[in-house]
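In what follows, a single structure is set out as structure tokens and then discussed.
The values are calculated or read from the model by the stated rules, or taken from the named source; none is laboratory data. Please read all numbers here as calculations on a predicted model, not as lab measurements. No Cβ is skipped: glycine too gets one built from the backbone with ideal geometry, and neighbour counts run over all protein chains shown. Side chains included, ligands, DNA and RNA excluded: accessible areas come from the protein's heavy atoms. Shrake-Rupley method; radii C 1.70, N 1.55, O 1.52, S 1.80 Å.
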Amino acid sequence: MTPWTDRAGNLSPLKAVAFAGTLVPALLLGYYAMKGFPQGAGASMLLGPRPFTAAIHETGDWAIRFLLMSLAVTPLRRIGQWPKLILIRRMLGIAALAYALGHLVLYFFDQNWDVVRVVSEIALRIYLTIGFVALLGLVALGATSTDAAIKKLGRNWNRLHKIVYGIAILAALHFFIQSKADVYEPTLMAGFFMLLMFYRVAHWRGFGLTSPLVLIAIAVLAALSTVIVEAAWYGLATGVPPSRVLWANLQFSYTIRPGWWILATGLAVAAVGFVRSMGKVEAPRGRRAARAAA
């Protein structure tokens with residue numbers, strides 16, 4: 001079975017598009033490298049003055065993005081009533097692993113393949129230790145993502161793959177620490193993770209994810225949580241008063257803060273859920289009317 005076919009061997013447009021999407025960041029990075037590295041100045045223009053560092057960061061960023069995309073499959077499948085989305089969950093998880101491994105390989109390359117130095121850096125720098133532990137978790141999930149492993153592990157497979165939530169937390173923490181002062185994107189990723197976890201908690205607690213009110217409440221709660229995380233991080237890591245961060249979320253002169261993007265995303269998902277639920281209600285009515293007319 002190829003990445004673009006289903007289990008029956010037929011072409012799956014959904015899998016084909018998803019597979020192509022997972023390759024785009026790597027292809028763009030390779031293009032930038034080929035255009036920039038031989039020319040010197042071009043590297044500064046395309047990947048910045050530190051091209052290897054930029055490449056390391058880009059692969060790491062895409063690793064956590066694809067990890068969150070894989071976590072988004074289940075709630076979107078329920079809310080949007082799109083059962084076929086399950087076909088791409090494994091692919092997105094493998095993409096996250098591939099970019100995380102690329103992240104590590106590029107770091108080795110940047111350190112001139114000095115294994116002793118890299119190992120000591122991972123052991124001594126807490127953010128590297130956290131990132132490496134997250135990578136080991138992804139490797140464990142990737143190694144057990146085959147059909148054979150699922151069959152062999154049985155119920156233990158589900159238990160093992162629940163560590164993905166801990167991996168996402170470690171990946172976000174790694175992202176926060178290495179970003180230092182500018183944590184805009186780490187905050188955004190943390191916000192999306194909280195949004196996805198609130199969907200899961202609501203489902204586990206028996207709240208219907210087809211209820212617009214539940215989805216709106218989740219969107220608001222995730223947005224507020226994102227603002228709180230951002231304010232707390234700046235307060236603890238940089239000493240910036242949380243009140244300044246909270247006030248910045250009400251200012252739109254320079255940029256839109258992550259909390260607002262989380263709210264917009266959550267409300268968009270709520271709108272999708274509402275439309276899909278209305279369609280589900282209208283379909284039986286239409287069938288009843290057709291039977292009555294007959």
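With +1 on each Lys and Arg Cβ and -1 on each Asp and Glu Cβ, how big is the dipole of the chain about its Cα centre, in debye rounded to the nearest 20?
Here the chain has a charge dipole of around 1540 debye.
Where does region 182-247 land on Rg/Rh, using Cα atoms and the Kirkwood Rh?
Dividing the radius of gyration by the Kirkwood radius yields 1.08.
Given springs between every Cα pair under 10 Å in a Gaussian network model of the chain, which of Leu27, Leu76, Leu67 has the largest fluctuation?
Checking each option, the largest mean-square fluctuation is seen for Leu27.
Please list, in chain and number order, the residues 5+ apart from Thr5 or on another chain whose amide H is under 5 Å from its amide H, with Hs placed from the backbone.
When sequence neighbours closer than 5 places are left aside, the close amide H contacts are Ser12.
Around Lys15, what is the net charge, scoring Lys/Arg as +1 and Asp/Glu as -1 over all other residues with Cβ under 15 Å from its Cβ?
+4
Taking only protein heavy atoms and a 1.4 Å probe, what accessible area per residue, in Å², does the chain have with all protein chains in place?
Averaged over the residues of the chain, the accessible area is 57 Å².
May I ask which residue of Tyr184, Leu160, Ala33 lies farthest towards the positive end of the charge dipole of the chain, with charges of +1 (Lys, Arg) and -1 (Asp, Glu) on Cβ and the Cα centre as origin?
Leu160
So if I restrict to the alpha-carbon atoms in region 215-271, what is the Rg, and what is Dmax, the biggest pairwise distance, in Å?
According to the Cα coordinates of region 215-271, Rg and Dmax are 12.0, 39 Å.
In what order, largest first, do Asp114, Asp6, Asp61 sit by accessible area if the probe radius is 1.4 Å?
The most accessible residue leads, giving Asp114, Asp6, Asp61.
How large is the translational diffusion coefficient of region 127-247 in µm² per second when you combine the Kirkwood radius over alpha carbon pairs with Stokes-Einstein at 4 °C and 1.567 mPa s?
79 µm²/s
Roughly how far apart, in whole Å, are the Cα centres of region 131-188 and region 68-96?
15 Å
Near Gly259, within a Cβ-to-Cβ distance under 14 Å, what is the net charge of the other residues, with Lys and Arg +1 and Asp and Glu -1?
-1
How many percent of the alpha carbon pairs in region 1-159 exceed a separation of 23 Å?
Considering region 1-159, 49 percent of its Cα-Cα pairs are separated by more than 23 Å.
Relative to the compact globular guide of 2.2 N^0.38 Å, what is the alpha carbon radius of gyration of the chain, as a ratio?
1.14
Round to the nearest 10 and report in Å² the accessible area of Trp4, as given by a 1.4 Å probe over the protein chains' heavy atoms.
Number for this one is 110 Å².
Build a GNM of the chain with springs between Cα atoms under 10 Å: which of Gly166, Gly93, Gly142 gets the top mean-square fluctuation?
Maximum fluctuation in the GNM of the chain, among the listed residues, is at Gly166.
Mind grabbing the accessible area of Leu170 for me, 1.4 Å probe, Å², rounded to tens?
50 Å²
Helix hunt in the chain: which complete DSSP H runs extend at least 18 Å axially by C-alpha with mean Kyte-Doolittle at least -1.0?
Span-like helices in the chain: 13-36, 51-79, 89-110, 126-143, 164-179, 184-204, 212-237, 258-293.
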